[in-house]
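Below: one structure, written as structure tokens.
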Amino acid sequence: MKTVPLLGHASLDDIFAYRPAGPVRVRDFLAEVEALAALLPVGRHLLNVCQDRYRFTVGFAAGLLSGKTSLQPSSQSLETLRQIKSARPDVVCLCDSDFDSLDLPRLDFPAFVAPQGHFLRGAVDAGKVVEIPQIPADREAAILFTSGSTGAPVAHGKSWGLLVRNGRAEAARLGLFDAPHSIVGTVPAQHSYGFESTVLLALHGGSPFWSGKPFYPQDIVAALNAVPPPRLLVSTPFHLSALISAGLELPAIDLLLSATAPLAAPLAVAAEASCSAPLYEIYGSTESGQLASRRTTADLAWELLPEVMLAQEGEDTYASGGHVEGRVLLSDVIEILANGRFLLHGRHADLINIAGKRTSLAYLNHQMAAIPGVADAAFFLPDHESAEAITRLCAFVVAPGTTARDVLAELRQRLDPIFLPRPLIFLDSLPRNSTGKLPRSALQVLYAAKVEHGGR
């Protein structure tokens, strides 16, 4: 049976993570992993909702050691928990905070070390850790979820061997094997991007991470100051925009990474200028894992990660090879170029046709975001109950100090008149989630409140 080590580190004394109390060595991490594995109850599935990135990773690794699959929903709503429990009744919920776990069997993350330095029940002395465990490559390590058409979460299983290949491919692309970086991530560990670009990069990319999940600009700065250089900030367009706008004094940042939403070129330029660091985007999906990267300020084209391939059948594009589980249909409109490069032209679901003219919501959002004074914006095509209803685009915009007249004047220079928003609604902020995404359901609710029901 082929096995893959739990960690790719050469020494048990390497630094694995940074916590407020100080650095954590590989052997310390493994001691906590083994201790937690001994405390896990019977059952195949572990719902890991730990908010602390280090504790999440201990839980993930403990599940691997004990043959459990880590369930990692990006949404932790009560309805999501109900659906997961219904589909997997043997699940146990691993928590590290005051989390409403319904009536799920629950294990609160234990404190392994007493104030006197003695290990508590079930703990393993770090001094007794002598080797890195081996894990079967074909073991189902994690299940990540996307939203299905019915609202029920759709499961995507990930084998340990291919997860490791994903992490190593990203580490190689970013040059982390030659120069490990301290990672600060603003995205949850349960989200596919946060999982791949923080947890997997720590396990098999040789780069330790900060245990927290900073959200606000001042917290991001504090987290960066808490880890030694060189530093890698794993973030989103939403968090990067907020960080730059805050005007705070930033510590040295050596590398920036962005995903979850398209990165506007002006924001990429501003981020590189503010941080004096190159910024790379990651392209992929929960279903496929990470597929490609680009330096946004240098090239519009994406470069595939090693061994990943794209193939087209009609208007559909499929990803396979490398660390991709099987053959995955992608949701984007893709133009394949030579030498493992391609262009993105928006999502199939974002394509709109008004009076025979076609465009994409991604393109419209890009044009709006490029307008001076616009801090955030989103076009929205509302649902209509009547098939005879006239298609009219709506747009929400955050643009303090700018008028609707100014924004529309700029849009008239950039768009066909048929795509001008009617109405254009100004807001203080958009309802983005923890990863900076704008769920369509949230925009539909906002549209109903502001337009259909005459709200203000």
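The values are calculated or read from the model by the stated rules, or taken from the named source; none is laboratory data. Keep in mind that what you see is a predicted model, and the values were worked out from it rather than measured. In this analysis, Cβ positions are derived from the backbone assuming ideal geometry, glycine residues included, and neighbour counts consider all displayed protein chains.
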Just checking, does segment 172-195 include any residue being in a helix (DSSP H, G or I), assigned by TED's automatic domain parsing to the domain that holds Pro73, crowded, with 24+ Cβ neighbours inside 10 Å and aliphatic (A, V, I, L, M)?
no
Requiring at least 2 residues that are at pLDDT below 90 and more than 29 Å from Arg231 (Cα to Cα), the helices (runs of 4 or more DSSP H) wholly within segment 12-116 are 78-87
On the given criteria, is Leu162 part of a helix (DSSP H, G or I), out of contact with any helix residue (DSSP H, G or I) (no Cβ under 8 Å at 6 or more places or on another chain), among the aliphatic types (A, V, I, L, M) and assigned by TED's automatic domain parsing to the domain that holds Ser11?
yes
Please indicate, with yes or no, whether at least one residue in segment 231-243 is surrounded by fewer than 20 Cβ atoms within 10 Å (Cβ to Cβ), in contact with a helix residue (DSSP H, G or I) (Cβ under 7 Å, 6 or more places away or on another chain) and not assigned by TED's automatic domain parsing to the domain that holds Lys437.
yes
Single condition Cys50 does not satisfy, out of (1) buried (at least 17 other Cβ atoms within 10 Å of the Cβ); (2) over 24 Å from the mean Cα position of the chain (by Cα)
(2)
Here the residues within segment 298-341 that are among the β-branched types (Val, Ile, Thr) and either crowded, with 17+ Cβ neighbours inside 10 Å or touching a residue at least 60 places away in the same chain (Cβ under 8 Å) (or both) are Val308, Thr317, Val324, Val328, Val333, Ile334
Inspect all residues belonging to segment 258-268 and state whether any of them is modelled with pLDDT of 95 or more, more than 21 Å from the chain's Cα centre (by Cα) and not polar (S, T, N, Q).
no
Taking only pairs six or more apart or across chains, which ones have beta-carbon atoms under 6 Å, a first residue in segment 232-259 that is under 28 Å from Ser285 (Cα atoms) and of a type in the set (D, E, K, R), and a second residue that is at pLDDT 95 or above and in a strand (DSSP E or B)?
Asp254/Arg231
Answer yes or no as to whether Pro228 is farther than 27 Å from Arg432 by Cα and surrounded by fewer than 24 Cβ atoms within 10 Å (Cβ to Cβ).
yes
Collect the residues in segment 196-230 that are among the polar types (S, T, N, Q) and either in contact (Cβ under 8 Å) with a residue 40 or more places away in the chain or outside the structural domain of His323 (by TED's automatic domain parsing) (or both), keeping them in residue-number order.
Ser197, Thr198, Ser211
Please verify whether Leu291 is assigned by TED's automatic domain parsing to the domain that holds Leu232, buried (at least 21 other Cβ atoms within 10 Å of the Cβ) and farther than 25 Å from Ala370 by Cα, treating the condition exactly as stated.
yes
